[in-house]
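Notes follow the structure.
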Amino acid sequence: MSPIKQHDRDFVVVASRLPVDRVEGTDGGQEWRPSPGGLVTALEPVMRAAGGAWIGWSGDAGPAPGPFDADGLHLVGLGLSETEVKRFYEGFCNATLWPLYHDVIAVPQFHRSWWDAYVAVNRRFAEAAAEQAAPGATVWVHDYQLQLVPKMLREQRGDVRIGFFNHIPFPGYEIFAQLPWRRQVVEGLLGADLLGFQRRADATNFLRACRRAVGLTTRGSTVRVSEPGGSREIHAAAFPISIDVKGLAGIARRDDVRKRSREVCDALGEPGLVLLGVDRLDYTKGILHRLRAYGELVASGRLGPRPVLIQVASPSRERVEAYRTLRDEVEVMVGRINGEHGEVGYAPVHYLHQSYPREEMAALYLAAEVMLVTPLRDGMNLVAKEYVACRNDENGTLVLSEFTGAADELAGAFLVNPHDIDGLKDTIVRAAQTSPAEARRRMRAMRKRLFEYDVARWAASFLETLEGGISAAQPAAAEPEAS
Ligand code: G6P
């Protein structure tokens, strides 16, 4: 552990997760292994240049790991007790806010003890940020788990610049209004100077919540709040997140990865068509709708002989009831499709309830002729972008839900309403039967957009806007002020 030096970090990231996982070391002790998320890839250069700190939770119940350096980054690990894991993480974050913000696909639960835990844990994060930040530092807070941090931090440290980015959708007011603590959440967020959302529609929804839940006046993308020392302007705008496009395209170009991709195809026997789904096992991802459509297509023979769907469903939030139920339902449906339409040596669905390294994912993306990204609601969906980044050969087609942030950007995808099973079936068939020239035209258009705006551009444009004022902000769609 490094000695604790306080108030000396010019750049502080506050996110619910640390960018490392705790693993068992070779000597039986514990070690930290980098978890290669998009966020850390984007922020690492900024962190290094500014000698920044990253505050987050390790993912286990227990005491705080405290400050330490890993892989050249300064990390501050906070702890959650077993009760806080239940009430804050599994409860308020993932059984209240997550379903509420994803258009109540599952029923959100409202419990006052969960809210109390949310307030207490947000306070812990805010205090840690206040301790780390140098005078005048920039602090970037991330996602729905930490919406109260901006206000709590501002109360302690009026000198720092605070940005907040919401990685998931911000719901329409009629849905958000169900939250018994809607006013506190909006006020918590308004502690920031700049609020970033995935889509304009999310920023617009937030501005509406400012008017309706708190009675504030908004003008374009700006909200003005009165505070004891005078009034302050906050900006809410869209900054669609991206991925490390060049890094992933480079992995997909490697000989070993391409060889692995051929091995995958060989292992499938002689499939007629390879389709792929890659998701966290989450009810927002529309896996059941996708399986229903695919099962009917297999039964009708519309995809030709022996199609194969590889469905990677990585384990997620397994102690939350809605996730356990979903797993059972998915596994029943996979079993039914394979039982009814498989034969010895052929299974229509290859279901993988596992997580894989980036190389293996790139090999799967290269093997897939049709990529199915069909969430019922998704803030962005980076899997769609990963598929496009990997297709250096400009082959392959993407079926993409209208209800993802990515649909605003990836114009070459086959857009679909995942609730419309017949429409989903027709779109999958259309994507599978596209001529190679048309598939290439579409893929090229998507790759152009993706290579222009990668995750480094995303981080830079957010931070430049935060540090340089509002001029660079894309205003959220204008809406009438009072409603
Ligand atoms: C989404 C959220 C992230 C979250 C991730 C994994 O992408 O936007 O904030 O970290 O899911 O979920 P988990 O509950 O494992 O942190």
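Screening G52, G62 for residues that are away from the ligand (no atom under 16 Å from the Cβ), surrounded by fewer than 16 Cβ atoms within 10 Å (Cβ to Cβ) and not hydroxyl-bearing (S, T, Y) leaves exactly one candidate, G62.
Might you let me know whether the range 183-195 holds any residue that is farther than 22 Å from E155 by Cβ and either surrounded by 18 or more Cβ atoms within 10 Å (Cβ to Cβ) or not hydroxyl-bearing (S, T, Y) (or both)? No: the range 183-195 contains no residue that is farther than 22 Å from E155 by Cβ and either surrounded by 18 or more Cβ atoms within 10 Å (Cβ to Cβ) or not hydroxyl-bearing (S, T, Y) (or both). Checked against (1) under 22 Å from E270 (Cα atoms); (2) open to solvent by 10 Å² or more (accessible area, probe 1.4 Å), L372 meets all criteria but (2).
Every condition in (1) open to solvent by less than 40 Å² (accessible area, probe 1.4 Å); (2) within 27 Å of H142 (Cβ to Cβ); (3) over 19 Å from the mean Cα position of the chain (by Cα) holds for L248 except the one numbered (3). Here is a list: Y351, Y356. Which entry is open to solvent by 50 Å² or more (accessible area, probe 1.4 Å), in a strand (DSSP E or B) and under 27 Å from G272 (Cα atoms)? Result: Y351 is the single residue among Y351, Y356 that is open to solvent by 50 Å² or more (accessible area, probe 1.4 Å), in a strand (DSSP E or B) and under 27 Å from G272 (Cα atoms).
Scanning the range 283-320 for residues that are among the charged types (D, E, K, R) and either under 25 Å from the mean Cα position of the chain (by Cα) or under 18 Å from E331 (Cβ atoms) (or both) yields K285, R290, R292, R317, E318, R319.
When you go through N395, N381 one by one, which is the residue that is within 23 Å of L424 (Cα to Cα), among the polar types (S, T, N, Q) and crowded, with 21+ Cβ neighbours inside 10 Å?
The conditions single out N381.
Given the structure, is W98 farther than 30 Å from P375 by Cα and in contact (Cβ under 8 Å) with a residue 24 or more places away in the chain? Taking the combined requirement at face value, the residue does not satisfy it. Scanning the range 110-155 for residues that are outside any helix (DSSP H, G or I), within 16 Å of the ligand (Cβ to nearest atom) and at negative phi gives W140, V141, H142, Q147, L148. Of the residues in the range 77-93, at least one is open to solvent by 50 Å² or more (accessible area, probe 1.4 Å) and touching a strand residue (DSSP E or B) at 6+ places or on another chain (Cβ under 6 Å).
The values are calculated or read from the model by the stated rules, or taken from the named source; none is laboratory data. These figures come from a predicted structure and were not determined experimentally. Every residue, glycine as well, gets a Cβ built from its backbone with ideal geometry; the counts of neighbours run over all protein chains shown. Side chains are part of the model used for accessible areas, which takes the heavy atoms of the whole protein and leaves out ligands, DNA and RNA. Shrake-Rupley method; radii C 1.70, N 1.55, O 1.52, S 1.80 Å.
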